[in-house]
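Accompanying notes for the structure given below.
Nothing in this text is a laboratory measurement; each read-out follows from the coordinates by a stated rule. Since this is a predicted model, take the numbers as computed values, not measurements. Backbone-built Cβ (ideal geometry, glycine too); neighbour counts: all protein chains shown.
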Amino acid sequence: MNNLDFDFKNKVALVTGGARGIGFEITKSFLQAGAVVHAWDYDLETLESAKKELSQFSSQLHCQQVDVSQFASCSQAAESLNDLDILVNNAGITRDKSFAKMTPELFQEVINTNLSGVFNTTKACLTRFSESSAQKRIISLSSVVALYGNFGQTNYVAAKAGVIGMTKTWARELGSKGFTANAIAPGFTRTPMVAAMPNEILEQMESKVPVRALGEPRDIANACLFLASEEARYINGTTLSVDGGLVI
Ligand SMILES: NC(=O)c1ccc[n+]([C@@H]2O[C@H](COP(=O)([O-])OP(=O)(O)OC[C@H]3O[C@@H](n4cnc5c(N)ncnc54)[C@H](O)[C@@H]3O)[C@@H](O)[C@H]2O)c1
């Protein structure tokens with residue numbers, strides 16, 4: 001599909017964790033559709049390589065080193081933002097361990113990035129949205145596991161379920177101010193991390209998905225473009241599963 005089918009010219013988007021994996025694909029898709037994109041990521045090397053790979057869009061792309069787990073980092077970076085239309089809270093980490101082995105530190109680390117990070121970014125950016133935009137969008141990456149739990153992911157599931165709760169609250173609080181807030185729950189998605197797994201595991205994962213395929217980062221980016229578009233103006237407070245039917 002050609003992303004030019006979506007027209008985001010004159011729109012400004014911010015994508016956290018926007019330099020790698022799903023976030024990179026979201027950044028690229030918004031650039032292809034004509035938007036100005038601010039990509040925040042805490043990993044400088046990753047930001048540099050994204051910048052290189054997206055050099056054809058250099059006039060539209062602004063990369064910034066930001067740690068979303070730190071409110072001060074977000075609010076400082078947000079100062080240079082103006083007339084934002086679309087915020088995509090994508091940055092996330094995993095620190096998996098069974099509950100018996102999960103330390104409070106491992107729990108907190110994931111909460112700090114995957115839950116507080118969404119709060120910090122959205123809070124810091126709320127006043128940076130374009131006042132005149134009728135199409136203000138907050139899109140946050142949750143996960144299928146928020147809907148059904150997962151072995152070894154107490155921290156991650158708690159954070160991703162929290163994202164769905166915050167999204168519903170923002171949908172209610174901000175709906176009258178021209179915003180929609182929605183979450184996306186990806187299933188198994190073929191990011192570099194997943195692709196590096198042994199074939200046997202990948203085949204096992206695929207066999208659990210009704211459409212018998214892993215998702216591609218592009219599938220998540222397409223959902224994101226749709227939720228950000230004018231056509232999705234009446235979708236608010238929902239969690240869109242993009243998982244091949246894994247969670248029905
Ligand atoms: N890949 C999957 O199968 C899958 C499934 C469900 C949900 N998700 C969610 O989708 C999102 C993207 O996942 P991915 O697989 O592309 O991950 P990834 O690890 O490939 O990329 C995440 C990016 O976020 C950045 N990041 C991490 N912590 C950060 C912080 N504190 N501040 C700023 N940047 C930070 C990383 O540097 C990286 O560039 C995550 O929220 C993840 O939980 C992924």
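In table form, for the structure just shown:
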{"quantity": "Extreme residue, surrounded by the most Cβ atoms within 10 Å (Cβ to Cβ), among residues of the range 127-150 that are hydrophobic (A, V, I, L, M, F, W, C), under 22 Å from Phe8 (Cβ atoms) and touching a Phe, Trp or Tyr at 6+ places or on another chain (Cβ under 9 Å)", "calculated": "Ile138"}
{"quantity": "Residue within the range 206-219 that is of a type in the set (Val, Ile, Thr), surrounded by fewer than 16 Cβ atoms within 10 Å (Cβ to Cβ), over 16 Å from the mean Cα position of the chain (by Cα) and part of a helix (DSSP H, G or I) present", "calculated": "no"}
{"quantity": "Residue that is farthest from the chain's Cα centre (by Cα), among those in the range 48-59 that are of a type outside the set (A, V, I, L, M, F, W, C) and either within 15 Å of the ligand (Cβ to nearest atom) or within 18 Å of Ala221 (Cα to Cα) (or both)", "calculated": "Lys52"}
{"quantity": "Given (1) charged (D, E, K, R); (2) closer than 21 Å to Gly21 by Cβ; (3) in a helix (DSSP H, G or I), index of the condition Glu105 fails", "calculated": "(2)"}
{"quantity": "Which numbered condition Ala100 misses (of (1) of a type in the set (Gly, Ala, Ser); (2) in a loop (DSSP other than H, G, I, E, B); (3) without any contact (Cβ under 8 Å) to a residue 12 or more places away in the chain)", "calculated": "(2)"}
{"quantity": "Every pair of residues 6+ apart whose Cβ atoms lie under 6 Å, when the first sits in the range 188-199 and is more than 6 Å from the ligand (Cβ to nearest atom) while the second is not in a helix (DSSP H, G or I)", "calculated": "Arg190/Leu214; Arg190/Glu216"}
{"quantity": "Hits in the range 175-196 - residues which are surrounded by 18 or more Cβ atoms within 10 Å (Cβ to Cβ) and in contact with a helix residue (DSSP H, G or I) (Cβ under 8 Å, 6 or more places away or on another chain)", "calculated": "Phe179, Thr180, Ala181, Asn182, Ala183, Ile184, Ala185, Pro186, Phe188, Thr189, Arg190, Thr191"}
{"quantity": "Test: Ala223 is surrounded by 13 or more Cβ atoms within 10 Å (Cβ to Cβ) and more than 16 Å from the ligand (Cβ to nearest atom)", "calculated": "no"}
{"quantity": "Options Ser75, Ser69, Ser80; residue that is of a type in the set (Ser, Thr, Tyr) and within 16 Å of the chain's Cα centre (by Cα)", "calculated": "Ser69"}
{"quantity": "Test: residue in the range 80-95 that is among the small types (Gly, Ala, Ser) and either without any contact (Cβ under 8 Å) to a residue 12 or more places away in the chain or loosely packed, with under 14 Cβ neighbours inside 10 Å (or both)", "calculated": "yes"}
{"quantity": "Whichever residue in the range 1-47 is among the β-branched types (Val, Ile, Thr) and touching a strand residue (DSSP E or B) at 6+ places or on another chain (Cβ under 7 Å) and, among such residues, is nearest to the ligand (Cβ to nearest atom)", "calculated": "Ile22"}
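To keep it simple, each residue is scored yes or no on (1) small (Gly, Ala, Ser); (2) more than 9 Å from the ligand (Cβ to nearest atom); (3) within 15 Å of the chain's Cα centre (by Cα).
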{"position": "Ser116", "(1), (2), (3)": "yes, yes, yes"}
{"position": "Leu126", "(1), (2), (3)": "no, yes, no"}
{"position": "Ala134", "(1), (2), (3)": "yes, yes, no"}
{"position": "Val144", "(1), (2), (3)": "no, no, yes"}
{"position": "Ala161", "(1), (2), (3)": "yes, yes, yes"}
{"position": "Gly165", "(1), (2), (3)": "yes, yes, no"}
{"position": "Trp170", "(1), (2), (3)": "no, yes, no"}
